[in-house]
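What follows is a short report on a single structure.
The values are calculated or read from the model by the stated rules, or taken from the named source; none is laboratory data. Owing to the predicted nature of the structure, the values given are computational and were not obtained by experimental measurement. Here the Cβ is made from the backbone with ideal geometry for all residues, glycine too, and neighbour counts use every protein chain on show. When the accessible area is computed, the model is the full protein with side chains, heavy atoms only, and any ligands, DNA or RNA have been set aside. Shrake-Rupley method; radii C 1.70, N 1.55, O 1.52, S 1.80 Å.
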Amino acid sequence: MSAVDMNMPILIVDDYKTMLRIIRNLLKQLGFDNVDEATDGSMALQKLRDKSYSLVISDWNMEPMSGLQLLKEVRADGQLSGLPFVMITAESKTENVVAAKQAGVTNYIVKPFNAATLKTKLSAVIGNF
């Protein structure tokens, strides 16, 4: 029996519409349907403050607010600081990973990735499903 709520609200953040669609489809394949989207960090913050989410999946490279800046804002906000935050990046550079870890990222996914990778990463964050 899965302890994970498959209907948990998830916010995905990317300034590239195609990537949002890909992530949404992968989440759907895994059984998660309750997905909202934001196309930049400030829109994401607004949504996070307006509604209660169980998980954020955000791209790193966004304008004007990067995923790293968004993560720092989330961690600095008393209401949001404990929110699981998964960062997606095309870079696996060590300094990026270190910066994200220092900023309090929960987990990290390097592009390109598939449903299996996403499942493994999310299981580490929210438990097996």
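Take every pair of alpha-carbon atoms less than 8 Å apart whose residues are at least six positions apart; their mean separation over the length of the range 58-110 yields a relative contact order of 39 percent. The overall shape of the range 1-66, judged from the alpha-carbon gyration tensor, is oblate: a/c is not under 1.5, and a/b is no greater than b/c. For the pair the range 1-65 and the range 69-108, the centres of their Cα atoms are 14 angstrom apart.
Please report the relative contact order for the chain, taking Cα pairs under 8 Å with a sequence separation of at least 6, and give it as a percent rounded to a whole number.
Relative contact order, the chain: 25 percent.
Spin-label pair residue 76-residue 90: with each label point 7 Å from Cα along the Cα-Cβ axis, the two points sit 2.8 nm from one another. Summing Cβ point charges (Lys, Arg +1; Asp, Glu -1) relative to the Cα centre of the range 50-129 gives a dipole of roughly 300 debye. All Cα-Cα separations within the chain were binned at 10 Å from zero, giving a P(r) of 13, 50, 34, 3, 0, each value a whole percent of the pairs.
Across the range 77-118 the C-alpha pair distances fall into 10 Å bins from zero in the proportions 26, 49, 23, 2 percent. Taking all protein chains as they are arranged and a probe of 1.4 Å, the heavy atoms of residue 65 leave approximately 40 Å² accessible to solvent. In the chain, a dipole from Cβ-located charges (positive for Lys and Arg, negative for Asp and Glu) runs towards its positive end, and of 118, 25, 45 it is 118 whose Cα lies farthest in that direction.
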